[in-house]
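Remarks on the structure that follows.
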Amino acid sequence: MKKIEAIIKPFKLDEVKDALNAMGIQGMTVTEVKGFGRQKGHVELYRGAEYDIAFIPKVKIEVIVADGTVEKVLSTILEKAKTGKIGDGKIFITKLEDVVRIRTGEKGDVAI
């Protein structure tokens with residue numbers, strides 16, 4: 001099993017969510033986050049004053065998938081979240097030791 005964390009632009013969330021649901025991903029966690037990478041923030045104008053925005057609003061999607069579906073999920077997120085502009089985000093893939101469903105006590109792939 002793998003945990004896939006994707007940090008993407010907020011307006012791409014619905015597109016990514018719908019594509020993952022269509023391929024059978026049944027659960028995900030979504031968190032509003034702020035951060036920056038190479039873009040290092042930007043300057044915005046508000047009521048005539050400039051404000052340095054160091055942390056850019058993003059959305060983090062977390063999904064747990066079986067090893068056999070990692071590449072398909074990865075390519076789906078890449079396709080749907082990409083704008084081709086700086087700040088599109090990052091995807092992190094980590095190995096999971098185990099998953100336990102609290103309600104039933106099921107473990108492993110069946111608990112996903």
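Details
- With respect to the chain, whose longest principal axis is taken over its alpha-carbon atoms, helix 13-22 is tilted by about 20°.
- Comparing Thr31, Val63, Ala49 along the charge dipole axis of the chain, the residue lying farthest to the positive side is Ala49, per the Cβ-charge model.
- Relative to the longest principal axis of the Cα atoms of the chain, the long axis of helix 70-81 lies at roughly 30 degrees.
- Whole-Hz ³J(HN,Hα) from phi, Karplus 6.51 cos²θ - 1.76 cosθ + 1.60, for segment 54-62, glycine and proline x: 7, 10, 8, x, 9, 10, 10, 9, 10
- All-pairs alpha carbon distance profile, the chain, 5 Å steps from 0, percent: 2, 11, 19, 20, 16, 12, 8, 5, 3, 2, 1, 0
- Charged-residue dipole, Cβ positions (Lys, Arg, Asp, Glu), the chain about Cα centre, Debye nearest 20: 180 debye
- Cβ-based net charge around Asp109, under 12 Å, with every Lys or Arg adding one and every Asp or Glu removing one: 0
No value in this document is a laboratory result; all are computed from the given coordinates. Keep in mind that this is a model prediction, so the values were computed, not measured. With ideal geometry, Cβ positions are generated from the backbone for all residues, glycine too; neighbour counts draw on all protein chains shown.
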